[in-house]
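The values are calculated or read from the model by the stated rules, or taken from the named source; none is laboratory data. Just so it is clear, the structure is predicted and the values come from calculations on it, not from any experiment. Using ideal geometry, Cβ is built from the backbone for each residue, glycine included, and neighbour counts are taken over all protein chains shown.
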Amino acid sequence: SQAWNALTVGAFTEKVDIIDTDFAGYAPIAPVGELSPRSRTSVVWDRQWPVKPEVVFEGGNLAHDGVLPGEPIDDLQILTTFYRPELRHFTTLGDTSAATAHAARMAGLILSARPELWPETVRALIVHSAEWTPAMRARIDACNGAKGEIQALVRRYGYGVPDLGRALLSTVNDLTLIVEDELQPFQREGGAAAKTRDMKLHRLPWPKEQLAALGAAQVELRVTLSYFIEPNPGERGWTRRHRYASHGLRFRVKSATETVDEFRARINQAARDEEEGAPAGGGEEWLLGTFRD
């Protein structure tokens, strides 16, 4: 389960400028804002496996002359301190090693600023603050809403490049609401099959007057559900939510015309249908949709 729980970090790059005259005629392999050349993806994985990487950080680029393989030249790498300062003060590194160092720094800064947060929340804030670069977003927009194509790109880029300021602070047009809570998702009575138990209803403190003042302007709602799954090494039952990968928690949003009672009834009916093996009905129109079986 730890491989599922761990935040997996990929690498992207904004380093495309080569000024070293020793490499005149060389060009960067990856365009600005794209995946770093050596970053791995989960594009070829089956649907039951998790989305990896979840986020990408700067990992540098490679240069090529059209003949030789890509080279990690200094102009396209990340500057860092050398481990033996008596020899030299600085060196460079790149790829997912550099990206992971950026991610660890961000997690440390979040915990330093908010030491009371749960580990699940720190992970959630990193992912929640991520945005796709213009290059990534252009590829996603080019899918014209085709869920399968969009999901393949998310298995390449994750949810984008995290931003520390967005993770910690609410800006003028960006509000983050954090809820840390516990629930028992399933119960078993006697020898019967496990059934759903708890559902938590969260009332969002909508700024109604401010939203109404926006008129027809487009606004974005982003929901990040973060929890650690329980290990189950003796079973490979990943296609059933009661087994690996643990609870399979999900969320739903009440529509504008539903009452709270109608919303509860809809969710309860959907849970009963799922337990009885009925196909899932239509739902909210999210950009990404359901990723895994």
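Computed values, structure above
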{"item": "Index of the failed condition, residue 188 passing every other in (1) exposed (fewer than 15 other Cβ atoms within 10 Å of the Cβ); (2) under 25 Å from residue 56 (Cα atoms)", "result": "(2)"}
{"item": "Members of the range 128-155 that are within 20 Å of residue 50 (Cβ to Cβ) and touching a strand residue (DSSP E or B) at 6+ places or on another chain (Cβ under 6 Å)", "result": "130"}
{"item": "Selected residue (only one of 221, 211 is within 20 Å of the chain's Cα centre (by Cα) and at pLDDT below 85)", "result": "221"}
{"item": "Residues (surrounded by 17 or more Cβ atoms within 10 Å (Cβ to Cβ) and among the aliphatic types (A, V, I, L, M)) located in the range 8-41", "result": "9, 11, 16, 18, 29, 30, 35"}
{"item": "Condition met for residue 23 (touching a residue at least 60 places away in the same chain (Cβ under 8 Å) and out of contact with any Phe, Trp or Tyr (no Cβ under 6 Å at 6 or more places or on another chain))", "result": "no"}
{"item": "Selected residue [surrounded by fewer than 18 Cβ atoms within 10 Å (Cβ to Cβ), closer than 26 Å to residue 78 by Cβ and at pLDDT 95 or above] from 104, 99", "result": "104"}
{"item": "Failed item in (1) in contact with a Leu (Cβ under 6 Å, 6 or more places away or on another chain); (2) under 22 Å from residue 37 (Cα atoms); (3) assigned to a loop (DSSP other than H, G, I, E, B), with residue 159 passing the rest", "result": "(1)"}
{"item": "Members of the range 31-78 that are within 22 Å of the chain's Cα centre (by Cα) and hydrophobic (A, V, I, L, M, F, W, C)", "result": "32, 35, 43, 44, 45, 49, 51, 55, 56, 57"}
{"item": "Some residue of the range 56-77 being surrounded by 14 or more Cβ atoms within 10 Å (Cβ to Cβ), under 19 Å from residue 8 (Cβ atoms), in contact with a His (Cβ under 7 Å, 6 or more places away or on another chain) and touching a residue at least 40 places away in the same chain (Cβ under 8 Å)", "result": "yes"}
{"item": "Within the range 192-218, tally of residues that are without any contact (Cβ under 8 Å) to a residue 40 or more places away in the chain and closer than 25 Å to residue 249 by Cβ", "result": "9"}
{"item": "Meets criteria (part of a loop (DSSP other than H, G, I, E, B), at pLDDT below 95, farther than 26 Å from residue 163 by Cα and hydrophobic (A, V, I, L, M, F, W, C)) for residue 68", "result": "yes"}
{"item": "The range 77-132 - residue that is touching a Gly at 6+ places or on another chain (Cβ under 7 Å) and in a loop (DSSP other than H, G, I, E, B) and, of those, nearest to residue 19 (Cα to Cα)", "result": "77"}
{"item": "Matching residues in the range 143-168 - criterion: being closer than 25 Å to residue 120 by Cα and exposed (fewer than 12 other Cβ atoms within 10 Å of the Cβ)", "result": "165"}
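Every residue, every condition in (1) hydrophobic (A, V, I, L, M, F, W, C); (2) at pLDDT below 95, yes or no:
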| residue | (1), (2) |
| --- | --- |
| 36 | no, no |
| 43 | yes, yes |
| 46 | no, yes |
| 140 | yes, yes |
